[in-house]
Structure formats: structure tokens, C-alpha cells
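Colleague: What follows is a structure written as C-alpha cells; I'll ask about it next.
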Amino acid sequence: MSFHQRLAVIHRHVGKDSNVDETQESLLQNTTRSTGQNNGSNKSERPSPGGGGGVLHIKDGRTGKQYDVSISEHGTIQGTALKQIRAGGDGVGLRTFDNGYVNTTACKSSVSYIDGEAGILRYRGYPIEQLAERSNLLEVSYLVIYGHLPGAEQLRHWEEAVMRHSALPIAVEDAIEALPHDAHPMGVLLTGLAALSTCHPEQNPALSGQHVYKSKDVVDKQIVRLIGKIPTLAAYAYHRASGRRPAPPNQKLGYTENFLYMLDSSNRSSYVPNPRLAKALDVLFLLHAEHELNCSTSAARHLASSGVDVYTVIQGAVGALYGPLHGGANEAVLRMLERIGDKSNIPSFIEDVKARKEIMFGFGHRVYKNYDPRAKIIRQVADEVFSIVGRDPLIEIAMELEKVARSDEYFVKRKLYPNVDFYSGLVYRAMGFPPQFFTVLFAVPRVTGYLAHWKETLEDPDTKIVRPQQDYCGEWYRDYVDLSQRGERTAGEDLSAVQPSAAYKRRIAGTNWY
């Protein structure tokens, strides 16, 4: 299917056609051709990963010994196979050092596939473009978690089960109500997830035994609970600052439509969110549902390997998502565009980026060395949203910045393309979401991916508790010296001056304060 055909289908889903700048459309067409999506790279037969299986012959220049290491059919070697390579010293075998896991395969997974060079993202084998055009978040959630698209009866059962579990326990509501009114939405979300764990002790392996998740009924129950309740938690996080409570979930509405209902209905049961905005947000959710072993998904698998309960797994993953280098990047894009202020300032900004005086947020990706396929879809969704709520003036700056950057040799040579964060923040802002809420909007759909990977770790017989090694570089040996012989200060790093608060000073100015 051509890009124009895909674009037409997207617009049939989210509304009337939008006006796309001819230059920008041409750039997208060139990107589509460069991704190889029409040159056979998306055929059903997969090329051999890493060249396929075989044997790696290693000659240790330190000892002259040669070793044979097996290469799997997926182009990987067992890290433990290197332990046989020794050259005296402490007797410890060879290890790899891969800070940030840049070239380390940590697990076998069938959830999603990314080809960063070609700009390809697939959920369970389905191209993200097709899913965005023809599916919705709940159907995709079923696909991502259970590995196949549901039939009509399966989908009805899935949707009913998820929506039936959308209400929060009173204890969770009370925990959220106890937070400050100015609590960050992500802090509210994390608090709600922690409280949920305490409300369902029957599923906790620490309380019910390590084999509790061998029951499919127990596992599925937690899946529908979390997917059902995460938008409700998000609605509470949204309204914590407003002083209002969100409307109770409306099970008669669709998943994303219900989320907007909880935000905006003010308990008017007859309220119905704008269907075009609900669909646009659903497409954004779908695009964020899963993305392989990113930082937060890796955190989920890391925690799951310990056998901890699934609510703690999801909470830990969402905590990792909170980081500005991960889930908070779209907010950084927004701040960057605001700082640029006008298209006339783009040339000087580009020069400052090349001089390393500025950071170009929303461009480049650890995985993608081509146009992020999600970014292409989001830009079209942006046009639809703007046609309803008004065009954000920052979109002109963003589009011009993309155009200038993609014609600059500095960015072309480094394969820096817009990623999913470049336009998503503008869409969220146009829909009335404050920047501090953006990461919550990331977390709501990503729970799907976290649960898929959690379920996969439960079913993988090779799952082991994650325990990487370190390259120790500290002091080798020191004898303990008694405090009386150390003097007042010793050499080395020290605690900085931790200043007491004014309230503390007032308190200790009184008598009998301790």
C-alpha cells in the first residue's frame, strides 16, 4: 500500500482530509522510499538475523589460543561462552562491557519488531501503519498481549472484561486524595499503581506463593484490571490539580472515548466526547502501545524476573518512563519550539545545535536511523486535531525546523530524523493537556506493552533473575582505621552543605524541641 493510500485511510478514520504542505509531503514520500518498505524488506520471509547461524572463531592474541563459539540462527552468541577465554590474572574469563546495552540481546521476544535502519515497526508481525489505519487501541492491546488479532466474539469478550474493570477501589481513591493538590500527575499515577497492589493481595506471589501466576485465570484477571484501570488512574491524575474528581467510568463508551468522558463530562451522563478527537487520541495511544526493549520495558522485564507482583512491575516501568530522557521527551520538544519562538530564528538555532550549544529534542533515536514510522502518522493526526480545536502556531515552527534539518548535511550524515516525540507534544497541547500530563498519556497505552512482556517472562522457561556483572574499578584493599586516628576530615568526596529549612530553624529556636 502506497503512502498516499495509507494517508487516505488514516483520514477516513480521523476525519476529513487536511492540507499537507507539498514540500513536507515530498519529504515523506522520499522517506517512505528510503525505508525499503516497497523493495521487499517487508516480505513474509525474514532475512537471516545477523547473518544466521554458524561458528565464530576467536583467537586470543594474549595467549595464542583459539576458541570456537556457536552462533545461533538469530545471529547471537551466548555471553557465557566467552567465560572459557582466560589469560591468567584473576582467572576470570572474558566478559563483554556494554554500558547501556547498546549491542546486547537480553531476551527472546515475539511481541514487536523494529528495523531502525529501514524505519519499520511491527506489532506481532503487523506493520504499525496498517494497525493505525484499520484498528484501535483495545484490539491492538489484545494482539500485543495474546499474539493474534481477536475474532468478533473474542473482541467483544475482551472489551467487556476490560471496561468492567475500569473502576478503582475506594482505598486507591483515598490514597490519591491524600496527595497534595500540586502533586505531579506521574506521581499520582505511581501512587495509584502502588495502592492497587495492596488491594489485590490474592495475586501477589510474596503472599500467595511463587506459583500463583501459573494460573491463566489469575494472570488474565490482572491484565484486564490494569488495562481497565490505568485510564481511570490517569483521569484522577489529571484532576488532582483541579480539585475535582473525575466522572465515574462509562462502560458503554469505547476505551479512549471513556477516558475523555472521565476528564470532561463533569458527571453529566449524557455527555459524549467529540468522536474525531477520541479517534485521534486512540491512534496516538495505539502508536505508543509497545516499542520493544526500551528503558521502561526493560525495567518491567528486570523486575518481573524477581517474581514480584505485576502491579509493582508496572509501577517500576512507569517510574522509568517518568525520566525526561524517556517519556518526558515530547515535553522537551515543546519547550524547545517555544524557545525558538519564530521561524526566522531556526537557522541560528540549527547552527547552535551543530556547535553543541543547543540540543535538538525530537530528532534522532537510539534505534531508528530513518524516519520514525510513528512520527509520520502523528503529523497527519495533528492536522485533524488542529482542524477541530485550532492550529497551534508552534506547528509551523516544527515543520520548518524539520524541513531545514532534513536538508542539512549535518543531520543527514548522522541519520537524524524526527521521532515520535517531535509532533506528539503539539497534538497533546492542542487537545488541552498540560505538558506535565504528557508522560501520563504515554503511560496509559504503554501498559499494554509492559503486560505483554511480563506475560512473556512468565511463559519463558529460560527466564532467570536479572543479575548483570560489573567491571569493578574501585580500591582493591584497605585496612580499617579507627575513628580516633582519622582526624576531623579525611581525603575524598564529602557530603555537601545540606541547608536546613526556615521552618526547621524556627522550630529549634524554641525550647524542648527535640
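The values are calculated or read from the model by the stated rules, or taken from the named source; none is laboratory data. From a predicted model like this one, the values you see are computed outputs, not experimental measurements. Cβ atoms come from the backbone with ideal geometry, glycine included; neighbour counts cover every protein chain shown. Heavy atoms of the whole protein, side chains included, go into the accessibility calculation; ligands, DNA and RNA do not. Shrake-Rupley method; radii C 1.70, N 1.55, O 1.52, S 1.80 Å.
Colleague: Pull up all non-local amide H partners of PHE363: gap of 5 or more, or a different chain, and H-to-H distance under 5 Å with H placed in the peptide plane.
Modeller: Counting only residues 5 or more places away or on other chains, the set is ASN419.
Colleague: Which of the pairs LYS343/LYS369; LYS413/LYS464; LYS214/LYS279; LYS221/LYS279; LYS221/LYS376 have their Cα atoms more than 29 Å apart in this structure?
Modeller: From the list (LYS343/LYS369; LYS413/LYS464; LYS214/LYS279; LYS221/LYS279; LYS221/LYS376), the Cα-Cα distance tops 29 Å for LYS413/LYS464; LYS214/LYS279; LYS221/LYS376.
Colleague: What ratio of Cα Rg to 2.2 N^0.38 Å holds for segment 462-514?
Modeller: Taking the Cα Rg and dividing by 2.2 N^0.38 Å, one obtains 2.17.
Colleague: Let me check against my output: what whole-number percent is the relative contact order of segment 170-260, with C-alpha pairs under 8 Å and at least 6 apart?
Modeller: On the way: 65 pairs, mean separation 28.4, N = 91.
Normalised by residue count, the contact order of segment 170-260 is 31 percent.
Colleague: Can you tell me the Rg and the Dmax, both Å, for the Cα atoms in segment 397-514?
Modeller: Reported Rg and Dmax, both Å: 27.2, 70.
Colleague: Continuing with the same structure: When ranked by the protection proxy of mean other Cβ atoms within 10 Å per residue, highest first, what sequence do the peptides 281-293, 160-172, 60-72, 325-337 form?
Modeller: Top of the packing list down: 281-293, 325-337, 160-172, 60-72.
Colleague: How much length is gained if the chain between ILE58 and VAL272 is pulled fully straight, taking 0.36 nm per residue apart and subtracting their Cα-Cα distance, in nm to one decimal? Mind showing how you got there, number by number?
Modeller: Details: separation 214, 0.36 × 214 = 77.04 nm, distance 6.55 nm.
Answer, rounded to one decimal: 70.5 nm.
Colleague: Pop a pseudo-label 7 angstrom from the Cα along the beta-carbon direction at both GLU338 and TYR146 and give the gap in nm to one decimal.
Modeller: Label-label distance for GLU338 and TYR146, simple model: 4.3 nm.
Colleague: Something else about it: Please report, in debye to the nearest 20, how large the charge dipole of the chain is about its Cα centre when each Lys and Arg carries +1 at its beta carbon and each Asp and Glu carries -1 there.
Modeller: Roughly 180 debye, rounded to the nearest 20.
Colleague: What list of ³J(HN,Hα) couplings, whole Hz, do you get for segment 505-512 from phi and the Karplus terms 6.51, -1.76, 1.60, once you set θ to phi - 60° and write x for glycine and proline?
Modeller: Running phi through 6.51 cos²θ - 1.76 cosθ + 1.60 with θ = phi - 60° gives 4, 5, 5, 6, 6, x, 10, 6 Hz.
Colleague: If you don't mind, there's one more thing I want to ask. Once fully extended, how much extra length lies between ALA178 and THR105, figured as 0.36 nm per residue of separation less the alpha-carbon to alpha-carbon distance?
Modeller: Here the segment from ALA178 to THR105 would lengthen by 22.0 nm.
Colleague: Could you work out the relative contact order of the chain, using alpha carbon pairs under 8 angstrom and six or more residues apart, expressed as a whole percent?
Modeller: In percent, rounded to a whole number, it is 17.
Colleague: Kindly report the accessible area of the chain per residue (heavy atoms of protein chains, probe 1.4 Å, no ligands, DNA or RNA), in Å².
Modeller: 53
Colleague: Next question. Could you tell me which of ALA81, HIS288, ILE378 has its Cα farthest along the dipole of the chain towards the positive end, charges placed at Cβ (Lys, Arg +1; Asp, Glu -1), taken about the Cα centre?
Modeller: Towards the positive end, the residue furthest out is ALA81.
Colleague: Something else: Inverting the mean 1/r over all pairs of different Cα atoms, compute the Kirkwood radius of segment 300-410 and quote it in Å.
Modeller: Computed over Cα pairs of segment 300-410, the Kirkwood hydrodynamic radius comes out at 16.4 Å.
Colleague: Per the Debye formula with a single identical scatterer at each Cα and no solvent contribution, what log10 I(q)/I(0) holds for segment 183-255 at q = 0.12, 0.15, 0.18, 0.24 Å⁻¹?
Modeller: Taking Cα atoms of segment 183-255 as identical point scatterers yields -0.42, -0.62, -0.81, -1.09.
Colleague: Just tell me, in residue order, which DSSP H segments of the chain are both 15 angstrom or longer along the helix axis (alpha-carbon based) and at least -1.0 in mean Kyte-Doolittle hydropathy. Mind dumping the intermediate values first?
Modeller: Details: long enough: 3-14 (16 Å, -0.07); 22-34 (18 Å, -1.39); 152-164 (18 Å, -1.05); 185-199 (21 Å, 1.52); 216-239 (35 Å, 0.16); 275-287 (18 Å, 1.24); 310-321 (16 Å, 1.52); 329-340 (17 Å, 0.19); 373-389 (25 Å, 0.39); 394-406 (18 Å, 0.57); 438-459 (33 Å, 0.38).
Membrane-span-like by this rule: 3-14, 185-199, 216-239, 275-287, 310-321, 329-340, 373-389, 394-406, 438-459.
Colleague: Also, quick follow-up: Working out 0.36 nm times the residue gap between ALA491 and ALA194, then minus their Cα-Cα distance, what length gain in nm do you get to one decimal?
Modeller: Between ALA491 and ALA194, full extension yields 102.7 nm more.
Colleague: Can you match Rg and Dmax of the Cα atoms in Å to one of these, (1) 25.9, 81; (2) 29.2, 101; (3) 23.7, 75, based on a calculation from the structure here?
Modeller: (1)
Colleague: To one decimal place, what Kirkwood hydrodynamic radius in Å is obtained for segment 204-363 from all pairs of distinct Cα atoms?
Modeller: On the way: mean 1/r = 0.0525 Å⁻¹.
Result for segment 204-363 stands at 19.1 Å.
Colleague: Then there's this: What percent does the relative contact order of segment 342-428 come to when contacts are Cα pairs within less than 8 Å and at least six residues apart?
Modeller: On the way: 83 pairs, mean separation 41.9, N = 87.
Taking the mean separation of contacting Cα pairs over the length of segment 342-428, I get 48 percent.
Colleague: Provide the packing ranking of 236-246, 270-280, 99-109, i.e. peptides ordered by the mean count of other C-beta atoms within 10 Å per residue, highest first.
Modeller: 236-246, 270-280, 99-109
Colleague: Moving to a separate point now. Rounded to the nearest Å, what's the spacing between the alpha carbon centres of segment 364-399 and segment 214-272? Just the number, please.
Modeller: Measuring centre to centre over Cα atoms gives 27 Å.
Colleague: What does the highest-first list of 477-485, 376-384, 218-226 look like by mean Cβ count within 10 Å?
Modeller: Highest mean packing first, the order is 376-384, 218-226, 477-485.
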